[in-house]
Amino acid sequence: MRKYFFLTIAIFTFYSLTFAQDFRTPRPSPDATVSQYVGITKITVDYSSPRVNGRKIWGELVPYGQIWRTGANEVTSITFTDPVKVNGNELPAGTYGIHIIPGEKEWQIILSKDTKVDDPAAYDETKDALRLKVKPEEAAFTERMMFAITDMTENFAKVNLIWEKLKVSFNVEVNTQDLVLQSARSGFNWGQLNNAANYCLQNNVNLEEGYKWVQASILINENYWNTRIKAQYLAKMDKTEEAVATMEKAIDYGSKMEDAPFDFDNMKKMLAEWKGQ
């Protein structure tokens, strides 16, 4: 009987622990994430989203002149997958805690190497990676605090904190062209080399090295995809006869593929134009 009693206790304990691990209730300030690619660089902000809930936020709930962990629960964090410039200041790739000291006319935004802070009292100034001075702007009323990444180009984005009737922003710049070229230089398969060569071709940059990459790609594995890129390089170099012969080879490769390549008709049209047809 004693053995069955302890077995029952053990089973009850096991299921209680399992239930406790799975059981969740909503947080008053729910977790949120916003991500955006800028070129090939991913920017991600992880934060908790408190409500206004009828309160005066700036200067009261969030006092002026005091460190704020930027939201509720844990400190807000921002991750950059590549090196960036933030308001013109260089910052290595990585994850940073976003702390803020708000003021009536000017705010300090602090990017810290410490991402485990859950209480402003635990903030350690010696772990600061970057401090920015920014000016708040008026914005449409927003009940829940939110981050938005806007104004994207291939090399630029703006990170915005929006809550109540204010918005504060900072700029992020990435050198997409250099990142792509660095990635290509470390490429070891035909596809990476071909993608890099195509990037240079489409953006009309680094053409001499791009042509070497497509040649290297063909040496590894000659196929429709890299042969048609080589043909376009030759045409850009005014080597029309070689371009025609190379594109004819690419068309031959494409005609033997089980499914026609997505740009097959465009390549045939390009070939006809080179031939003056």
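If you check THR153 against the conditions, is it of a type in the set (Val, Ile, Thr), surrounded by fewer than 18 Cβ atoms within 10 Å (Cβ to Cβ), without any contact (Cβ under 8 Å) to a residue 40 or more places away in the chain and not in a strand (DSSP E or B)?
So THR153 does not fit the description; no.
Residues to consider are ASP265, ASP252, ASP238, ASP259; find the one that is at pLDDT 95 or above and at positive phi. Just a single option satisfies the conditions, and that option is ASP238.
Taking region 187-206 as the range and being polar (S, T, N, Q) and within 17 Å of LEU219 (Cβ to Cβ) as the test, the residues that pass are ASN189, GLN192, ASN194, ASN195, ASN198.
Every listed requirement among (1) in the same structural domain as SER35 (by TED's automatic domain parsing); (2) at pLDDT below 95; (3) not aliphatic (A, V, I, L, M) is met by ARG185 save one, (1). Within region 203-255, the set of residues being over 16 Å from TRP274 (Cβ atoms) and not in a helix (DSSP H, G or I) comprises ASN204, VAL205, ASN206, ASN221, GLU222, ASN223. Scanning region 162-180 for residues that are surrounded by fewer than 16 Cβ atoms within 10 Å (Cβ to Cβ) and farther than 30 Å from SER217 by Cβ yields a single hit, LYS165. Within the bounds of region 205-212, is there any residue that is closer than 20 Å to PRO261 by Cα, crowded, with 20+ Cβ neighbours inside 10 Å and in the same structural domain as PHE264 (by TED's automatic domain parsing)? Scanning region 205-212 turns up no residue that is closer than 20 Å to PRO261 by Cα, crowded, with 20+ Cβ neighbours inside 10 Å and in the same structural domain as PHE264 (by TED's automatic domain parsing). Pairing residues of region 60-71 that are free of Cβ contacts under 8 Å to residues at least 12 places away in the same chain with residues that are of a type outside the set (Ser, Thr, Tyr) and surrounded by fewer than 19 Cβ atoms within 10 Å (Cβ to Cβ), at Cβ distances under 9 Å and at least 6 apart in sequence or on separate chains, gives LEU61/VAL52; LEU61/ARG55. Counting only residues that are touching a helix residue (DSSP H, G or I) at 6+ places or on another chain (Cβ under 9 Å) and more than 10 Å from SER77 (Cα to Cα), how many does region 92-112 have? Of the residues in that region, 1 qualify.
The residue that is surrounded by the most Cβ atoms within 10 Å (Cβ to Cβ), counting only those in region 181-202 that are in a loop (DSSP other than H, G, I, E, B) and touching a helix residue (DSSP H, G or I) at 6+ places or on another chain (Cβ under 8 Å), is GLY187. Pairs linking a residue in region 92-107 that is modelled with pLDDT of 95 or more to a residue that is exposed (fewer than 15 other Cβ atoms within 10 Å of the Cβ) and outside any loop (DSSP other than H, G, I, E, B), with Cβ atoms under 7 Å and 6 or more positions apart or on different chains, are GLU106/LYS133.
Of the residues that sit in region 237-264 and are exposed (fewer than 11 other Cβ atoms within 10 Å of the Cβ) and of a type outside the set (A, V, I, L, M, F, W, C), which one is nearest to the chain's Cα centre (by Cα)? That would be ASP259. Taking the criterion of being hydroxyl-bearing (Ser, Thr, Tyr), in contact with a Ser or Thr (Cβ under 8 Å, 6 or more places away or on another chain), within 30 Å of GLY88 (Cα to Cα) and modelled with pLDDT of 95 or more, would at least one residue in region 188-200 satisfy it? Checked region 188-200: no residue is hydroxyl-bearing (Ser, Thr, Tyr), in contact with a Ser or Thr (Cβ under 8 Å, 6 or more places away or on another chain), within 30 Å of GLY88 (Cα to Cα) and modelled with pLDDT of 95 or more.
The values are calculated or read from the model by the stated rules, or taken from the named source; none is laboratory data. Just so you know, these numbers come straight off a predicted model, no measurement behind them. Every residue, glycine as well, gets a Cβ built from its backbone with ideal geometry; the counts of neighbours run over all protein chains shown.
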